[in-house]
1. Output the number of the condition that GLY355 fails; it satisfies all remaining conditions of (1) farther than 17 Å from ALA283 by Cα; (2) within 22 Å of the chain's Cα centre (by Cα); (3) not in a loop (DSSP other than H, G, I, E, B).
2. For the stretch 395-420, what are the residues that are over 18 Å from VAL346 (Cβ atoms) and in contact with a Leu (Cβ under 7 Å, 6 or more places away or on another chain)?
3. Among SER336, SER359, SER312, SER322, which is in contact with a strand residue (DSSP E or B) (Cβ under 6 Å, 6 or more places away or on another chain) and among the hydroxyl-bearing types (Ser, Thr, Tyr)?
4. I want to confirm something. Restricting to the stretch 142-157 and keeping residues that are polar (S, T, N, Q) and farther than 11 Å from TYR216 by Cβ, which single residue is modelled with the lowest pLDDT?
5. Need the failing condition index for ALA195 against (1) part of a loop (DSSP other than H, G, I, E, B); (2) small (Gly, Ala, Ser); (3) modelled with pLDDT of 95 or more; (4) on the phi > 0 side of the Ramachandran plot, just the number.
6. Please note which helices (runs of 4 or more DSSP H) are completely contained in the stretch 1-115 and include at least 3 residues that are within 23 Å of SER128 (Cα to Cα).
7. Taking GLU214 as meeting all but one of (1) in a helix (DSSP H, G or I); (2) touching a residue at least 12 places away in the same chain (Cβ under 8 Å), write down the number of the exception.
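The values are calculated or read from the model by the stated rules, or taken from the named source; none is laboratory data. This structure is a prediction, so every number in the text was calculated from the model and none was measured. Note that each Cβ is placed from the backbone with ideal geometry, even for glycine, and that neighbours are counted across all protein chains shown.
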Amino acid sequence: MTGERQLLELLFEAAVKAADPLNGIRTHLPQPPANGRTVVVGAGKGAAQMAAALETLWNGPALSGVVVTRYGYGCETKTIEIIEAAHPVPDEAGLAASRRLMEAVSGLGEGDLVIALVCGGGSALLPSPPEGLTLQDEIALNEALLASGAPISAMNVVRKHVSTIKGGRLAAATKARVVSLIVSDIPGDNPAFVASGPTVPDSSTRKEALTIIEQYRMDLPASIISHLNSSEADAPRPEDPRFAKNECHIIASAGVSLEAAAALARTCGVDAHILSDSIEGEARDVALVHAAIAREVSLKDRPFTKPTVLLSGGETTVTLRSKGGKGGRNGEFALSFALAIGGTEVVALAADTDGIDGSENNAGAFVDGTTAQRLLRAGLDGRALLERNDSYSGFAAIGDLFETGPTGTNVNDFRAVLIR
């Protein structure tokens, strides 16, 4: 099945290329201020590459500023400083980076311009606990959110009410005009949810945050609950006059990337269908729905005629059932999918477009109709691996990990299912 896997890898590469921030920034490049300064701030797993792209395109006076990205995701820039910090659990470097971003914008005036480069991963990279809370509280919050199974939009409602930089607070801290250029990793592309919206406010409330915590049974420090029950947790509202002159542009998204992959598949002689660019839910359950559609096509040529490739995006979640497992939501999807399509003429790839799935070094994994049996021959029970959230160990054992390294962008999950 080497040829099939090569095709799926090419589709992934087409999706990532379509999310290259250079093209989106070129389209939405703001004009330099007449007499003021231009300061760049940013956060996310592709923020360094966004900064480098902006420097390439900029035609005004020299830029200054600072962006924060994940360890190992930095790149060379001319004048914009790159800070690396921990993801998905915050650390002291992220705390220092949050302070640097606030300092960079706080002294600017109305004639200045702030360009905010924001993409997925920024929430964890910008810890900034309110007074009375600590970095350890924010770490506990992040760990509880990651284990909860809550969708990313719900996670970020909670995060932005336990922060002094998220929920529009970074933009509210400056008198300068703020232009936000955003690579969306959020189903539905609401810019206020990307990286918990440091420069883009929304209308969610702290009461909604408390409801989400209760709904997903999160065990959080009493200090966080106390904070959320106080007016100190209230975030700025979109109608706040401090945001009136600002602009926000989505410069890359899952929808555009999936269209690019579909176009390439058709060029290669394989029909393509995009199921959705905004799928959410438990990764293992979403996999079962994809598997059911794939089996229907494979066995009955409906609702699509084979050969065809099914594409989808969005962001699934994983509710941790035990500690010690390795892998991310795409590995979990792939393992659940593999267990459901055994014996069929199906090959699939599930991968994160930023190049890292969870905390390991792979973007995702390949699967096919023989995956479950090959795991058994390697002495591994696929269902037991799934139960302990340990997809990485299984795919590593049979050589089916998909490794790309950092891609420089992030439009979230990419899934391609080829039915021969």
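1. Result: GLY355 passes all but (3).
2. Residue satisfying the conditions is ALA397 alone.
3. Of SER336, SER359, SER312, SER322, the one residue that is in contact with a strand residue (DSSP E or B) (Cβ under 6 Å, 6 or more places away or on another chain) and among the hydroxyl-bearing types (Ser, Thr, Tyr) is SER312.
4. SER153
5. (1)
6. 47-57, 92-106
7. For GLU214, the exception is condition (2).
Condition check ((1) of a type in the set (A, V, I, L, M, F, W, C); (2) under 25 Å from ALA396 (Cα atoms)) across all residues:
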position	(1), (2)
THR267	no, no
HIS273	no, no
ASP277	no, no
ASP285	no, yes
ALA292	yes, no
GLU296	no, no
ARG302	no, no
LYS326	no, yes
ALA334	yes, yes
